[in-house]
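Below is one structure; the comments refer to it alone.
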Ligand SMILES: Nc1nc2c(ncn2[C@@H]2O[C@H](COP(=O)(O)OP(=O)(O)O)[C@@H](O)[C@H]2O)c(=O)[nH]1
Ligand SMILES: [Mg+2]
């Protein structure tokens with residue numbers, strides 16, 4: 001077991017304890033939504049299970065396990081955040097399980113167009129196999145919270161071939177970085193001839209999760225709300241993953257090329273924005289401030305990891321390295337000295353945000369079966 005897994009197990013145990021005290025994630029909304037989805041599933045023509053590409057196995061919607069494979073497909077969303085090598089592996093894994101799968105990034109128009117064509121092709125196949133197929137087709141999106149169901153529903157609705165009059169009345173499902181924001185099942189049209197309606201549904205998790213590491217993976221990727229875990233603990237888990245990966249080595253070239261920004265240069269970049277006005281300035285501040293903060297964060301992590309001479313397989317050593325990273329990140333995030341006592345929390349919130357928006361690399365948290373890994377390495381070489 002890696003040190004990252006050990007840390008994940010400990011954090012997962014804390015999540016489970018917190019969940020048992022506070023009614024956890026399976027609140028009355030989720031329980032009611034789960035029943036409503038169960039009732040509708042037999043009536044729909046195709047079920048599209050959305051998973052998070054960073055956790056393609058752990059983000060399974062368990063309640064679908066006994067549902068016929070012929071009437072469902074698995075779509076791995078958030079491909080932009082996952083390790084590309086593992087995406088191929090996951091697709092192959094699903095193929096071996098006779099499960100049809102597709103990978104997508106819901107903010108990319110071409111990607112979503114591809115998914116829409118794929119869904120339509122699946123529906124045509126189902127129609128050929130089943131002569132009773134009606135002219136109005138219902139597709140239901142299901143999945144655990146925060147995998148991007150509503151974001152995908154909106155994109156498919158916008159891109160879907162529907163009449164100009166209908167385009168004028170586009171609906172919009174609420175998309176949020178917090179899990180559990182979609183409370184009801186809603187319907188959107190995504191195609192005409194035949195009419196295709198898409199049902200967006202609330203995210204569902206099982207009432208209890210026994211595997212502690214699984215709990216941590218779901219919390220880090222945002223399916224379980226941060227308040228049940230604590231951002232600092234989540235960041236400790238993320239840093240353990242980063243420290244064991246070779247991601248930071250990939251930053252070396254860029255960091256050397258760009259050189260560490262001196263504080264004078266950094267001030268100059270900041271002052272440049274004062275020449276801009278209103279919205280322009282706000283945009284500049286958002287993009288460029290983030291740019292050099294991301295650079296400094298990578299630099300700080302790179303420096304601390306490169307100087308570390310402990311054993312990353314030893315949990316105590318790993319925790320010492322993580323503590324040193326927290327200290328180095330205070331400066332990178334420009335956290336004022338006077339906010340003593342809050343430093344770790346502020347660092348954690350900011351670092352979690354960078355990880356979840358893909359600015360600290362692409363990680364897949366589920367390992368692939370070993371035979372599949374060997375096969376992919378052979379292809380890779
Ligand atoms: N990076 C990335 N973020 C995504 C993608 N799809 C959705 N998101 C973000 O993930 C969060 C959850 O999305 P949402 O659609 O509300 O998830 P739902 O709970 O499954 O409906 C939001 O912050 C979205 O902007 C994607 O493909 N890539
Ligand atoms: Mg939603």
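Taking label positions 7 Å along the Cα-Cβ direction at both residue 39 and residue 334, the computed distance is 5.4 nm, reported to one decimal.
For residue 125 and residue 27, what does the FRET efficiency come to when R0 = 51 Å and r is the distance between their Cβ atoms, rounded to the nearest 0.05?
Efficiency, rounded to the nearest 0.05: 0.85.
For the pair residue 249 and residue 95, label points projected 7 Å from Cα toward Cβ lie 2.9 nm apart. Length gained on full extension, residue 345 to residue 170: 59.0 nm, using 0.36 nm per residue less the C-alpha separation.
For region 25-200, what ratio Rg/Rh do Cα atoms give with a Kirkwood hydrodynamic radius? Radius of gyration over Kirkwood radius for region 25-200 works out to 0.94. Each label was represented as a point 7 Å from its Cα along the Cα-to-Cβ direction; for residue 192 and residue 18 these points are 4.9 nm apart.
Taking 19 Å as the cut-off, the amide N atoms of region 32-46 that come nearer than this to a point 7 Å along the Cα-to-beta-carbon line of residue 184 belong to 32-41.
None of the figures in this text is laboratory data; all of them are computed from the coordinates on show. Values in this document were obtained by computation on a predicted structure and should not be read as measured data. Ideal geometry is used to build each Cβ from the backbone, glycine not excepted, and the neighbour counts take in all protein chains shown.
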